[in-house]
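Shown next, in structure tokens, is the structure this report addresses.
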Amino acid sequence: MRVLVTGAAGSIGRVLCPGLVDRGHEVVGFDRVPEPEGFDGAWHTGDCADADAVFAAFDAQPLDAVVHLAGNPDETSLPEALTSHVVTTAALLDAMVAHKVDRFVYASSNHAVGRTPRRDSVSVDARPRPDTFYGVGKVAAEAVMSLYADRYGIDAVACRIGSFLPVPESTRNLATWLSHDDCVRMIEASLTTTAPGFAVLYGISANTRAWWDLEPGRALGYHPQDDAEEFADRIAADEKDAFEAAHVGGPFAGERFFRPALDRA
Ligand code: 15L
């Protein structure tokens with residue numbers, strides 16, 4: 001497949017792009033910054049909140065699919081979050097409709113349901129329950145995907161990623177870790193699964209301590225292979241562990257992240 005990857009120079013993009021190339025796909029990078037050294041494929045420098053820049057990238061070569069990773073990974077004001085996550089998603093989906101590209105894979109986040117309290121297993125059908133404006137942006141981006149799936153028949157998979165890290169760094173990560181290799185497996189499955197319509201999966205590895213439902217991902221062909229437990233003896237207990245275990249979003253559910261929706265001068 002020829003896949004446009006937004007945020008291709010970011011932390012996930014730098015792992016995913018070579019991973020997709022290794023698996024026989026062609027990658028077209030799109031980012032606000034120039035291509036990283038060694039990038040293998042065509043490159044477009046632009047902001048995917050800019051519909052003209054997005055359409056220009058689509059005009060440059062035929063595409064089979066889009067993987068949308070671009071977006072500010074941190075908490076911001078509400079308007080910034082809406083631009084970063086929702087406007088970018090809409091610009092890409094509009095270009096897909098116009099260019100007849102029908103597969104969209106999105107780096108959503110656990111923070112779309114981050115205020116969900118700890119329970120045995122969190123379903124992908126848990127109600128949207130963001131913990132931050134960042135999470136609100138992810139919820140709204142997923143809603144735009146659902147709309148375009150229903151209106152235009154686009155297959156759109158929202159991967160609610162946990163903690164994408166080389167190795168787990170905290171007790172929470174022992175449940176929420178997404179390894180680099182599993183991330184590539186997850187995105188490739190989301191790109192190639194047959195006719196998912198609008199679908200949601202939790203983007204974590206096969207962690208012994210996982211409490212977010214991995215079955216919807218398996219039904220889409222995502223079979224995680226790694227387990228954070230392998231690193232458990234390297235992680236010391238910390239006083240924040242109990243608080244971080246109380247909600248899906250861990251620290252994002254805390255007062256440290258409380259801020260007004262709008263920045264004022
Ligand atoms: C995310 O979605 C964030 O972008 C990242 O900064 C981490 O907070 C991660 O989730 C997580 O929950 O560990």
Can you figure out the FRET efficiency of R118 with S77, using R₀ = 30 Å and their beta-carbon distance, to the nearest 0.05? 0.55
Measuring from centroid to centroid over Cα atoms, what is the spacing of segment 86-110 and segment 1-62 in Å? 14
Determine the dipole magnitude for the chain: charges of +1 sit on the beta-carbon of Lys and Arg, -1 on that of Asp and Glu, nothing else is charged, the reference point is the Cα centre, and the result goes in debye to the nearest 20. 680
Of V139, S170, L4, which is farthest towards the positive pole of the chain's charge dipole, taken about the Cα centre with +1 and -1 on the beta-carbons of Lys, Arg and Asp, Glu respectively? V139
Square roots of 5 times each gyration tensor eigenvalue, C-alpha, segment 1-54, largest first, Å: 18, 12, 9
Contour minus end-to-end for R23 and Q61, with contour as 0.36 nm per residue of separation and end-to-end as the Cα-Cα distance? 11.6 nm
Scaled to the compact-protein estimate 2.2 N^0.38 Å, what is the alpha-carbon radius of gyration of the chain, rounded to two decimal places? 0.96
In the chain, carbon and sulfur make up what percent of the accessible area (probe 1.4 Å)? 50
In degrees, nearest 10, range 0 to 90: what is the angle between the Cα axis of helix 133-152 and the longest Cα principal axis of the chain? 50
Given contacts defined as C-alpha pairs under 8 Å and at least six residues apart, what's the relative contact order of segment 64-149, whole-number percent? 39
If the only charges are +1 at each Lys and Arg Cβ and -1 at each Asp and Glu Cβ, what is the size of the charge dipole of segment 40-140 around the Cα centre, to the nearest 20 debye? 600
Is it possible to state the helix-based mean residue ellipticity at 222 nm for the chain, with each DSSP H run of 4+ residues giving -39500 (n - 2.57), the sum divided by total residues, to the nearest 500 deg cm²/dmol? What is it? -9000 deg cm²/dmol
Sequence-distant residues sharing a close amide H with H44 (under 5 Å, placed H): G29, F30, D31
Over the chain, with neighbouring protein chains present, the accessible area per residue in Å² at probe 1.4 Å is 44
Using the Karplus curve 6.51 cos²θ - 1.76 cosθ + 1.60 with θ = phi - 60°, what ³J(HN,Hα) values do you get for each residue of segment 83-88, in whole Hz, with x for Gly and Pro? 5, 5, 10, 8, 4, 4
Under the rule a/c < 1.5 gives rounded, and otherwise a/b versus b/c splits prolate from oblate, where does segment 148-265 land using the Cα gyration tensor? oblate
Of the convex hull enclosing the alpha-carbon atoms of segment 1-113, the direction-averaged projected area in nm² is 6.9
Considering the Cα positions of segment 42-168, please state its Rg to one decimal place and its Dmax as a whole number of Å. 15.0, 48
Per 5 Å bin, what percent of the C-alpha pairs of segment 187-226 does each bin hold, from zero upward? 6, 25, 37, 19, 10, 4, 0
Mean separation of Cα contacts under 8 Å (at least 6 apart) over the residue count of the chain, i.e. the relative contact order in percent, is 18
Do any trypsin sites (Lys or Arg not before Pro) in segment 174-265 lie in a loop, going by DSSP, with at most 14 other beta-carbon atoms within 10 Å of their beta carbon, and if so which? K240, R264
H99 versus R151: modelled label distance in nm, points set 7 Å from Cα along the beta carbon direction: 1.9
Quote the relative contact order of segment 150-265 in percent (integer), defining contacts as alpha-carbon pairs under 8 Å separated by 6+ residues. 28
Averaged across orientations, what area in nm² does the convex hull of the alpha carbons in segment 165-204 project? 3.0
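The values are calculated or read from the model by the stated rules, or taken from the named source; none is laboratory data. Fair warning: this is a prediction, and the values are worked out from it, not measured in the lab. FYI the Cβ positions are ideal-geometry reconstructions off the backbone, even for glycines, and counts take in every protein chain you see. In case anyone asks, the SASA skips ligands and DNA or RNA and just uses the protein heavy atoms, side chains included. Shrake-Rupley method; radii C 1.70, N 1.55, O 1.52, S 1.80 Å.
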